[in-house]
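The values are calculated or read from the model by the stated rules, or taken from the named source; none is laboratory data. Here the structure is a predicted model, which is why all the values come from computation and not from measurement. Neighbour counts are summed over all protein chains in view; Cβ atoms, including those assigned to glycine, are modelled from backbone coordinates with ideal geometry. Remember, those area values only see protein heavy atoms, side chains included, never the ligands or the DNA or RNA. Shrake-Rupley method; radii C 1.70, N 1.55, O 1.52, S 1.80 Å.
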Amino acid sequence: MKICLVHEEYPEETNFGGIATYQKRVAEEYVRLGHQVIVIARGLKENQHYFENGVEIYRLFNEPTGRQIEDYTNYRQMVANLLLELQNDGIEIIEVPDWGAESVLFEKDRKIPLVVRLHTPLKVWLKFNKNNFGEVTNQMLTWEEYALLQANLVTCCSNILKEIICKDFPLKPKDILVTPNPANLTNFFKDENIQKTNSLLYVGSLEERKGVVVLAKALNIFFKKFPKVKCYFIGKDTTRNSQNISTKEYIKSLVNEEYRSNLEFLGQLPNTSLNEFYNKCNVAIFPSLFDNFPYVTLEAMSTGIHIVGSKNSGMVEMLNNKNSIYNTPSHKNLAKKIITKFKLSQKSKYDVSNIQRVKTMYSSQVVCKNMLALYEKTIRDYKLYNITTSEIQKVLNACNINREVKAYKRNSSGVANAVIEILTNNENYVIKRYNSNVNFNLSQELQQTYTTYGINVCAPINKNVLTINNNKYNIFNYIKGKHVKLNKNLFNFLSKIVSLNRKTNLTSTINLKCENYYNILKNANLENSNIAQEIKYVIKRYEQIKQHSFVNECYLNHGDLSSGNILICNNNYYVIDFDEALVGPKLYDFAVICIKFFMRNEKINKNLFNKLKNKLIQENHDYKEQDFNNIIVYYLCKILLEKFALHLENKIDLFSIRQKQDYFEKYLNILKEM
């Protein structure tokens, strides 16, 4: 692949923070793995073009005007101009961090996929740094949100940042893939030749978001107990704090006068010199009010230094140790944790578990191989799912919608289709282009059945499927609704759907599907498969359950009744996305609801299961208690048969990052309990 990484931060010239470390790490690892990598970064004095460790680097120098918005815009235009040249020269994919959205002015000319990597966008940063970013703030916020919405892939290094982004931006959890940052195990390691010096260590920019104000208050408590211990601060000073003064001076003012000589501020040091400090200090403290997946924590873990991290950060996932996490932003709790860790360091110099954790989970080779697999899939998907403005206009015209397209937003593409939200002068629409076989007749019949019984559906405007340039399309009116979590009203709505008379004369489609996957697995050579036992177990359970008469029932089912396919608008529920419509057992959608809505901590909530089961038994005396257990077994077998068969045929990788978002083991564990 020919990959382009875009952001002003790239060592050594613009080694400003974690983004710089990340970019250098992945760029050089991608080159080592045989790919071509181009980096576009800022130049501080002049334009440059050179190679370093196999990475091709362009540095762009933008002469400052003193006008912030103009300077930011001018630099992004320089980036856009260079990207246009590189696109014509064959780059295949671009990755840009959320911060600054530096490729945003290239968007109008972009013909290759864009990956946005979440680090910490300005919208989140402003919550924790109580100072003014300047006159460009609103423009930056607009740029960053636009870039996120236009991205073909959004990746994130921690679940905590993913949760925040989904609250603050119009993105759903399924739109963001979590994959960690790669660790630098070359420059950071345990060095037993370096003696411990009874000292504490903070590494990072001196800014309020990083928790240094909380740390200053905590040090008063710590120094009272250990008055001879030093605390080193490594990182550049800033005025990013509520006082708008030097954060270094702010820290000094908060530490009692008798302890100020215990503080040593070393400024920003070259990354290569930090290993010595991690090895000679006893405890590293990263007290951030918020942080996503701080590189300094990875570096510290690699050396075995004892660590205290923040609850409001990705460090919870990284360290996986409650004893290492303080309750942000309590300075008293922080002091308590530091004291505990310092005492522990007197008995055991190293935290060996962290060293092992970094090697197995965060090594550059493991992380970057996963990232490259995501890039490859994104490039394939872009070619398959990308829709041009002219295509969109043709779809509108074919439906006699004579309105000009003002803008469009790509929604995340599923396996079966590409989804585009269209903005015109008068109305908004949603267009779907189908890239696999969908039974449109079945979808229409189910939509009509729902409508007959008073269930609101989002049906296509076009009566028949549109075929344009050999592609199949449907167009829908845009429903300005929102997805809702399970509550009493939604529970009753789901119950009503399952209770409908959906009997059909059509033959079972789900039965054929299951049998097909079953035959693939039954005839497969499992000798070298690392999931052979799991496959054999599912085959056995399926052979048992398919003997039941309900397997041959012929009822219409939605097949994908999940929170993502039910909207609430003006207090009314709407069912959308009938692409998975199927014919199968009457209770099939009951099983789907139990898995999609009732699952908690990878187990079906028994109270919700029994509540819906009892409600359906009361409404239909033909149901028996065991029917409800059996249908869930059948549905779980279907999921697992499909995943295993596609894995054996190399159509999916069960152990990829994307599949781990919906990992087969959770379904297997539930099946074993049924």
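For Glu665, indicate whether it is at pLDDT 90 or above, farther than 16 Å from Glu553 by Cα and open to solvent by 40 Å² or more (accessible area, probe 1.4 Å).
Working: at pLDDT 90 or above: yes; farther than 16 Å from Glu553 by Cα: yes; open to solvent by 40 Å² or more (accessible area, probe 1.4 Å): yes.
So Glu665 fits the description; yes.
Being over 33 Å from the mean Cα position of the chain (by Cα), surrounded by fewer than 19 Cβ atoms within 10 Å (Cβ to Cβ) and farther than 19 Å from Gly454 by Cα is the requirement here; does Asn523 meet it?
In short, yes.
Looking at the range 49-73, I want the residues that are assigned to a loop (DSSP other than H, G, I, E, B) and have a partner that is of a type in the set (Phe, Trp, Tyr) with Cβ atoms under 8 Å, at least 6 apart or on another chain. Which pairs are those?
These pairs meet every condition: Asn62/Tyr75.
If Phe265 satisfies every condition in (1) in contact with a strand residue (DSSP E or B) (Cβ under 6 Å, 6 or more places away or on another chain); (2) buried (at least 21 other Cβ atoms within 10 Å of the Cβ); (3) not basic (Lys, Arg) but one, which is the exception?
Result: Phe265 fails condition (2) only.
May I ask you to list pairs of residues, at least six apart or on different chains, whose Cβ atoms are under 6 Å apart, with the first in the range 542-568 being open to solvent by 40 Å² or more (accessible area, probe 1.4 Å) and the second being assigned to a loop (DSSP other than H, G, I, E, B)?
Correct list of pairs: Glu553/Pro585; Glu553/Lys586.
Return the total of residues in the range 129-138 being crowded, with 18+ Cβ neighbours inside 10 Å and not hydrophobic (A, V, I, L, M, F, W, C).
Let us first name the residues in the range 129-138 that are crowded, with 18+ Cβ neighbours inside 10 Å, namely 129, 136.
If we keep only those that are not hydrophobic (A, V, I, L, M, F, W, C) too, we end up with 129.
Of the residues in that region, 1 qualify.
What do you reckon, is Leu636 under 14 Å from Ser529 (Cβ atoms), assigned to a helix (DSSP H, G or I) and not charged (D, E, K, R)? Quick ask: steps written out before the conclusion?
Details: under 14 Å from Ser529 (Cβ atoms): no; assigned to a helix (DSSP H, G or I): yes; not charged (D, E, K, R): yes.
No.
Does the range 448-470 include one or more residues that are open to solvent by less than 50 Å² (accessible area, probe 1.4 Å), in a strand (DSSP E or B) and over 21 Å from Ile497 (Cβ atoms)?
Yes, the range 448-470 contains a residue that is open to solvent by less than 50 Å² (accessible area, probe 1.4 Å), in a strand (DSSP E or B) and over 21 Å from Ile497 (Cβ atoms).
Output the number of the condition that Ile497 fails; it satisfies all remaining conditions of (1) within 30 Å of Val575 (Cα to Cα); (2) open to solvent by 50 Å² or more (accessible area, probe 1.4 Å).
If we test Ile497 against (1) within 30 Å of Val575 (Cα to Cα); (2) open to solvent by 50 Å² or more (accessible area, probe 1.4 Å), just (2) comes out false.
Scanning the range 268-283 for residues that are farther than 12 Å from Phe233 by Cβ and at pLDDT 95 or above, which turns out surrounded by the fewest Cβ atoms within 10 Å (Cβ to Cβ)? Spell out the reasoning first.
Keep residues of the range 268-283 that are farther than 12 Å from Phe233 by Cβ, which gives 270-276, 278-280, 282-283.
From what's left, at pLDDT 95 or above: 274-276, 278-280, 282-283.
Numbers: Leu274: 19, Asn275: 20, Glu276: 13, Tyr278: 25, Asn279: 22, Lys280: 18, Asn282: 21, Val283: 26.
Applying the filter and picking the extreme gives Glu276.
Any residue at all in the range 299-316 that's open to solvent by less than 10 Å² (accessible area, probe 1.4 Å), closer than 20 Å to Ala20 by Cα and β-branched (Val, Ile, Thr)?
Within the range 299-316, none of the residues are open to solvent by less than 10 Å² (accessible area, probe 1.4 Å), closer than 20 Å to Ala20 by Cα and β-branched (Val, Ile, Thr).
Mind listing whichever residues of the range 434-447 are open to solvent by 30 Å² or more (accessible area, probe 1.4 Å) and either in contact with an Asp or Glu (Cβ under 7 Å, 6 or more places away or on another chain) or closer than 28 Å to Gln393 by Cα (or both)? If you could, list the steps in order and put the result at the bottom.
In the first step, residues of the range 434-447 are kept if they are open to solvent by 30 Å² or more (accessible area, probe 1.4 Å); the result is 435-437, 439-441, 444-445.
Answer for the range 434-447, where residues must be open to solvent by 30 Å² or more (accessible area, probe 1.4 Å) and either in contact with an Asp or Glu (Cβ under 7 Å, 6 or more places away or on another chain) or closer than 28 Å to Gln393 by Cα (or both): Asn435, Ser436, Asn437, Asn439, Phe440, Asn441, Gln444.
Suppose the filter is of a type outside the set (Ser, Thr, Tyr), surrounded by 16 or more Cβ atoms within 10 Å (Cβ to Cβ) and more than 20 Å from Arg209 (Cβ to Cβ); does His331 pass it? Give the steps one after another, and end with the answer.
Numbers: of a type outside the set (Ser, Thr, Tyr): yes; surrounded by 16 or more Cβ atoms within 10 Å (Cβ to Cβ): yes; more than 20 Å from Arg209 (Cβ to Cβ): no.
Spelling it out, it is not the case that His331 is of a type outside the set (Ser, Thr, Tyr), surrounded by 16 or more Cβ atoms within 10 Å (Cβ to Cβ) and more than 20 Å from Arg209 (Cβ to Cβ).
Please tell me if Asn530 is under 26 Å from Glu642 (Cβ atoms), under 32 Å from the mean Cα position of the chain (by Cα), surrounded by fewer than 18 Cβ atoms within 10 Å (Cβ to Cβ) and free of Cβ contacts under 8 Å to residues at least 12 places away in the same chain. Please lay out each step first, then the result.
Working: under 26 Å from Glu642 (Cβ atoms): yes; under 32 Å from the mean Cα position of the chain (by Cα): yes; surrounded by fewer than 18 Cβ atoms within 10 Å (Cβ to Cβ): yes; free of Cβ contacts under 8 Å to residues at least 12 places away in the same chain: yes.
Considered against the rule, which asks whether it is under 26 Å from Glu642 (Cβ atoms), under 32 Å from the mean Cα position of the chain (by Cα), surrounded by fewer than 18 Cβ atoms within 10 Å (Cβ to Cβ) and free of Cβ contacts under 8 Å to residues at least 12 places away in the same chain, Asn530 comes out as yes.
What are the residue pairs meeting all of these: first residue in the range 599-619, first residue free of Cβ contacts under 8 Å to residues at least 40 places away in the same chain, second residue open to solvent by less than 100 Å² (accessible area, probe 1.4 Å) and not basic (Lys, Arg), Cβ atoms under 6 Å, and 6 or more apart or on different chains?
Asn605/Phe598; Phe609/Cys594; Phe609/Phe598; Lys613/Phe628; Ile617/Tyr623
Scan Glu63, Glu52 and give me the residue that is modelled with pLDDT of 95 or more, open to solvent by 20 Å² or more (accessible area, probe 1.4 Å) and at negative phi. Spell out how you get there, then give the answer.
Working: Glu63 fails: modelled with pLDDT of 95 or more.
Answer to the check: Glu52.
For the range 284-298: of the residues being open to solvent by 10 Å² or more (accessible area, probe 1.4 Å) and assigned to a helix (DSSP H, G or I), which is modelled with the lowest pLDDT?
Ranking the qualifying residues of the range 284-298, first place goes to Tyr295.
Which residues, counting only those in the range 591-630, are among the hydrophobic types (A, V, I, L, M, F, W, C), within 16 Å of Ser495 (Cα to Cα) and not in a loop (DSSP other than H, G, I, E, B)? Working first, answer last.
Narrowing the range 591-630 to residues among the hydrophobic types (A, V, I, L, M, F, W, C): 591-595, 597-599, 604, 608-609, 612, 616-617, 628.
Now narrow it down to the ones that are within 16 Å of Ser495 (Cα to Cα): 591-595, 597-598, 608-609, 612, 616-617, 628.
Scanning the range 591-630 gives Ala591, Val592, Ile593, Cys594, Ile595, Phe597, Leu608, Phe609, Leu612, Leu616, Ile617, Phe628.
Could we say that Glu28 is more than 26 Å from the chain's Cα centre (by Cα) and modelled with pLDDT of 95 or more here? Outline the logic, then answer.
On the way: more than 26 Å from the chain's Cα centre (by Cα): no; modelled with pLDDT of 95 or more: yes.
Answer is no for this residue.
Each row is one residue, and each column tells you yes or no for (1) closer than 19 Å to Pro11 by Cβ; (2) more than 26 Å from the chain's Cα centre (by Cα); (3) not charged (D, E, K, R).
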position: Gly267; (1), (2), (3): yes, yes, yes
position: Asn282; (1), (2), (3): no, yes, yes
position: Lys311; (1), (2), (3): no, no, no
position: Asn323; (1), (2), (3): no, yes, yes
